[in-house]
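Worksheet: the structure to be examined is printed underneath.
The values are calculated or read from the model by the stated rules, or taken from the named source; none is laboratory data. All figures in this text were calculated on a predicted structure; none of them were measured in a lab. We place every Cβ from the backbone using ideal geometry, glycine too, and count neighbours over all the protein chains shown.
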Amino acid sequence: MGNSISRRTLLKRGALLAGGLPFAASLLDQVQASPVITHPGTLSAPYAEAWTEKTIALSAPVPLKARLFANENPFGPCDKAKKAIMDACPTAYQYPFRSMPELTKKIADFEGIKEENILLASGSSPLLMAAALYYSRPGGNVITGDPSYEDLPSKAVRMGEKWVKVPLTAEYKLDLDAMEKAIDANTGLVYVCNPNNPTGTVVDAAKLKAFVERVSKRVPVFVDEAYIDYLPDPQGTTLIPMANSNPNIIVARTFSKLYGFAGLRLGYVVTQPEIIKSLTLHTEAFMSISATTLAGAIATYQDREYLDGALKKTLASKEYLYEVLKKEGYTYVPSSANFVLFPIKMEGKQFTDEMMKRGVGVRFWKFNNQEWCRVSIGRMDEMEAFASAFKEIS
Ligand code: PLP
């Protein structure tokens, strides 16, 4: 019965938003629509501003000297993960019915939470989309920092939500007080990205916990912790323990960053079983993950030797980047993640095009009347390629 009610609700929402188009052609197409590339490097006019990681990757010359536009981790996946993946290949004709609960249990044991409060999927993106679908209502709004990670709110907008963008503080951190003030009777969701993408900044852990405690009494809060593994104390910072007992808190994590699994696709959310049930109506979670990916994750989840090594190499490359920027007379936003945002002295698209001509892929932003470049942290040879290209055009 629960299913049929939900399907009716979905159809009704789809019909409302797409004037009665069939479900598949309305909801999913609507939220998944992405920029159109007419030929390499050229975006069709309505999407000229949507110069995303996907469009950069599709238009990049191959091979790139430095792939620094998607906040990936080139130090992973580690050898242990690769071996586990290879070992899982002979039985990869089987559905991974047992590996899914095995990984869920590992995560639950480590975090000290209930297994029923964890939902795995092929990356956190499908779960962000599920949340955008589930929490969107006609006339509703979603509150985020500005700039912040745009995936969830941009999908909510396609569902008819209003996107309330709250400028960051002078230190480029989420302005939690202003975000709280922005909540109104129509707010369906508050999205908190911590550390924030694209600034790499973190908010004070105690302040965030108090904020989420208060705000979740009024509206659901989605906390995206994609980059939390880069912090010195992820366990002291995560809001997973709060999500373990409060249906208005949803915490998202991913293996795409410090684990280096972006291409393998694995992520999860922690929240209450009733919310998990609702989110699974909006995305395929259980059957979306490959047996090989699960094998790699089971073999390396919380493998400190690998994670600490990747972290150390990331920090060394980041320090090098800071020095390059300083030497060239640039400032930057000190970052707690695997990317750095800094103000540039030319138009963003021109800057990234010039870097791309030199085999270096980076991303640009524009906010506070300023053009910015976001550089992901790569291997040292990639950072050196960045440095020599940057010196030529800075
Ligand atoms: N959340 C944030 C803040 C991100 O930056 C990203 C990807 O860059 C994602 C979620 C999506 O990650 P995934 O690869 O798990 O879908």
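What to note about this one:
- Residue that is in a strand (DSSP E or B), within 16 Å of the ligand (Cβ to nearest atom) and surrounded by 13 or more Cβ atoms within 10 Å (Cβ to Cβ), where the choices are 120, 128: 120
- Tally, over the range 131-156, of residues that are part of a loop (DSSP other than H, G, I, E, B) and either in contact with a helix residue (DSSP H, G or I) (Cβ under 6 Å, 6 or more places away or on another chain) or at pLDDT below 95 (or both): 4
- Cross-chain or 6+ apart pairs with Cβ under 8 Å, the range 311-330 first and over 15 Å from residue 341 (Cα atoms), then at pLDDT 95 or above and hydroxyl-bearing (Ser, Thr, Tyr): 311/230; 314/230
- If you check 109, 177 for being within 30 Å of residue 373 (Cβ to Cβ), part of a helix (DSSP H, G or I), charged (D, E, K, R) and away from the ligand (no atom under 14 Å from the Cβ), only one passes: 177.
- Matching residues, the range 142-153, being crowded, with 24+ Cβ neighbours inside 10 Å and more than 12 Å from the ligand (Cβ to nearest atom): 142, 143
- The condition (being modelled with pLDDT of 95 or more, touching a Pro at 6+ places or on another chain (Cβ under 7 Å), within 16 Å of the ligand (Cβ to nearest atom) and part of a loop (DSSP other than H, G, I, E, B)) is satisfied by just one residue among 258, 264: 264.
- Note on the range 273-314: among residues that are farther than 11 Å from residue 130 by Cβ and among the β-branched types (Val, Ile, Thr), the one that is surrounded by the most Cβ atoms within 10 Å (Cβ to Cβ) is 293.
- For the range 282-304, the criterion of being in a loop (DSSP other than H, G, I, E, B), hydrophobic (A, V, I, L, M, F, W, C) and within 22 Å of the chain's Cα centre (by Cα) is satisfied by at least one residue.
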